[in-house]
Each structure stands twice: as structure tokens, then as C-alpha cells.
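Participant: The structure that follows is given in the form of C-alpha cells.
The values are calculated or read from the model by the stated rules, or taken from the named source; none is laboratory data. Keep in mind it's a predicted model, so treat the numbers as computed, not measured. Glycine gets a Cβ as well: all are built from the backbone with ideal geometry, and neighbour counts include every protein chain shown. For the accessible areas, the whole protein counts, side chains as well, though only heavy atoms, and no ligand, DNA or RNA atoms are used. Shrake-Rupley method; radii C 1.70, N 1.55, O 1.52, S 1.80 Å.
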Amino acid sequence: MDFEIQAHPSPLGDEARHEILSNPGFGDHFTDHMVTIDWTADLDAQAAAVASGDFLNIQGHWHNARLEPFGPISMSPASAVLHYGQEIFEGLKAYRHADGSIWTFRPEANAARLNRSARRLALPQLPEEAFLEAIRLLVAHDHQWVPDGDGESLYLRPFMIATEEFLGVRPSRTVSFRVIASPAGNYFGGELKPVSIWVSRDYARAGVGGTGVAKCGGNYAASLAPQLEAAARGHAQVLFLDPLHDNSIEELGGMNVFFVFADGRLVTPELTGTILEGVTRSSVLQIARDHGHTVEERRITLDEWKTGVASGEITEVFACGTAAVITPIGAVQDGEEIIESPAGDHAATLKIRKELLDLQTGRGEDRHQWMHRLV
Ligand SMILES: *Cc1c(COP(=O)(O)O)cnc(C)c1O
């Protein structure tokens, strides 16, 4: 795919950019450019796909690939995404290494997940090479925006939206894929301190057969009310359960959950179709295996969490995701009941976290060829 390059005529000056990079926050500032690729459906090919039995293999062609100045998107107020939420996204980071080179972590996994999400939301498949090239181009042009401080990175946000001007309910026949980038500091701010979380009893983020397995904006919209409830109770994050079955642990609104057992086992909820499969989750599973932990992907209930902590069987609990990397969970509140995590030193959590961060920032050995050079 050929990308047309429309460089920004007046990118932000060095001084203003340095000011932003001195305290980037998260998601507050955006780089000078964005990448866009448009898509148009091919109805004849779609009819053939339906006839062949794969009606979710949405047919069409990608065109008008371009790098352009970051700025407002012009679209019809009747665009499908604004009414029916046909949208998916990804999140990954670019890291500056000591020699100045810039790398990202397992981008093929994000490209593959974008396409799994696309199928669920009846959006088209984007070729992996187009995904990787879009990211590479954006970071190459905005390389000065990649911070080099400890725990800092350039957060990349690829997303796909339904742009057709049409209020009928069916998949949009025009779509655009975009990538924007935002310098990121430490997600929870400052030093690594355990977060406290709130068990959502009144709300779920995903239901059986729903879109929990896809990374789509709608899941996040559904998580905002419980997030407000958690904040009102003084907690940083929400824990979602599977209330239909046995209160098994699902995940946080944007992070997967792990338990460390005293005998060295590492347990995380199995993928049920309502849990989002994190790239960090799968990397933690591999790193834990490398460290000699036994890893289990299985059902784990809130009751097992309570009794495990009480008996000393569970020694650490942590959450993981690209944005916040790995964060110890200090306490969980369920109604009026509070389960404190054991007051240990989070040794296993911190060891896995360090290995992951060292790898991403170029200080560790890349045993699994997870790093992908961008610049
Ligand atoms: C993105 C996301 C995660 C974490 O995925 P990573 O690939 O590790 O960043 C976990 N849960 C939900 C609901 C998410 O949207």
C-alpha cells in the first residue's frame, strides 16, 4: 500500500513540545500527524462471500492511504459510528532505546486482534502490513515526540470507524482506519503504588455472546457508570465478575488480572469470550513460564480470592495492560467487605514487571523476538 505524505506545514515548535514532554500525562497531547486509510465496500464481492458461507468476511478495498496533519475529522452528522457505535481500536506503545532507536512491542499481536475485533463489529479486515506501515510512518515522522524518561513512551492509538452517511441499521459501506499518537508518562502517576479496586455488582462490561472479546468503544462506554461508582467509593478501578455463573473473576475495565500463589503458581482467568485477550496478559504468561512459574488459565472466583488471601495461599494480585503495564492490586472492596491483599513486597509482580519493562526499553534480552524496530 502506497501512502501519500502530507507533512504538517507548521508542526509544534521545539520549545512547546519539550514543555509537553516534560510532563506528558496520559492522552492529553497529540503529535503533529495522523495516518488515515479509507475503505469502501464491494457489494458484489460481499454477496460472493455470503454465498460461500463466510458472511463476516467483509469485502471491499482500502484506498487513499496517507499521512496528514493531526486535526479534526470532517464527517456527516449521520455517520454510522456516531449512532450505532461501529468502532474498534487498539493500543500499543513506542519506546525510545538508549541509542536513540525507537521500537514497539508485539505489534503483529495488535494487528491480529484488530482484525478479530473487526469481525465481531462487522468491519473489514486490515492487512497486517498496512497496520505496521501506518504505525511506522507515524512514528518516523513524529519521532521527536517519543519521550525518553523512565516509564515514558509514545502511546499509539489505531482505530477504525464506520463513516457512511446512513441511519439504517447495517454495517457501514465506508470505513476509515486511523492512527494517532500521544506521549505518555506513568499511567497511575509517580511511583508504583498498589491500586484499590471496586467489585461491580450492578453492572457488567460484557455479556455472553456480546462484544467483551472485542476491543471496541462500546465496551468502554458500558464501563463508565461502574467506573464512576468505583470512584465515588474511593477506588481507582472496577473489577467485573461473571455474575450469571459463579462470580468468577473476569477483568478490570481495561486490564487483565493475575494471582500469584505461595507455591509459585500464577493464575489468570481463562478466556471465556467475555474477557479481552490482552497482549500484556499473554506476554506475562510467557515470562512467568520462562521464570519457572506454573501458569494456569482457569476460572477463579471472588470466594477463592477471599479464602486464598486469608489462608496465605494467594500472596500477590496484579493487573496488567499496555497503558499501565503491571500494577499491584492492594485491596478489593465488595459491598461493605474489603479484602486486603497480603502486605508483602510484591516480589513476583515486580520481577515480571521489571523484565517486561527492561525488554520494552531495550535493556533486556529479547528471547521471543517481541520487539519490532520502527525508527
Ligand atoms: C486493551 C484491554 C486490555 C489489555 O490489553 P493489552 O493488549 O494488554 O493492552 C484488557 N482488558 C480490556 C477490556 C481491554 O480493552
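Participant: Looking at (1) touching a residue at least 24 places away in the same chain (Cβ under 8 Å); (2) outside the structural domain of residue 333 (by TED's automatic domain parsing), which one does residue 206 not meet, given that it meets all the others?
Facilitator: Just one mismatch for residue 206, condition (2).
Participant: Another question, then. Count, please, the residues in the range 149-197 that happen to be surrounded by fewer than 23 Cβ atoms within 10 Å (Cβ to Cβ) and within 30 Å of residue 316 (Cα to Cα).
Facilitator: The total comes to 17.
Participant: Let me ask something else about it. State whether one or more residues within the range 290-300 are among the aliphatic types (A, V, I, L, M), open to solvent by 10 Å² or more (accessible area, probe 1.4 Å) and over 21 Å from residue 197 (Cα atoms).
Facilitator: Within the range 290-300, one or more residues are among the aliphatic types (A, V, I, L, M), open to solvent by 10 Å² or more (accessible area, probe 1.4 Å) and over 21 Å from residue 197 (Cα atoms).
Participant: Another question about this same structure. Filter the range 20-43 down to residues that are touching a helix residue (DSSP H, G or I) at 6+ places or on another chain (Cβ under 6 Å) and part of a loop (DSSP other than H, G, I, E, B) and give me whichever is least open to solvent (accessible area, probe 1.4 Å).
Facilitator: 31
Participant: If we scan the range 3-19, do we find a residue that is out of contact with any strand residue (DSSP E or B) (no Cβ under 8 Å at 6 or more places or on another chain), among the hydrophobic types (A, V, I, L, M, F, W, C) and not in a loop (DSSP other than H, G, I, E, B)?
Facilitator: yes
Participant: Here's a follow-up. Residues that are away from the ligand (no atom under 16 Å from the Cβ): which strands (runs of 3 or more DSSP E) entirely in the range 193-309 hold 1 or more of them? Walk me through how you get there before you give the answer.
Facilitator: Values: elements: 195-200, 237-242, 248-252, 256-261, 266-268, 295-297.
Fully inside the range 193-309 and qualifying: 195-200, 256-261, 266-268, 295-297.
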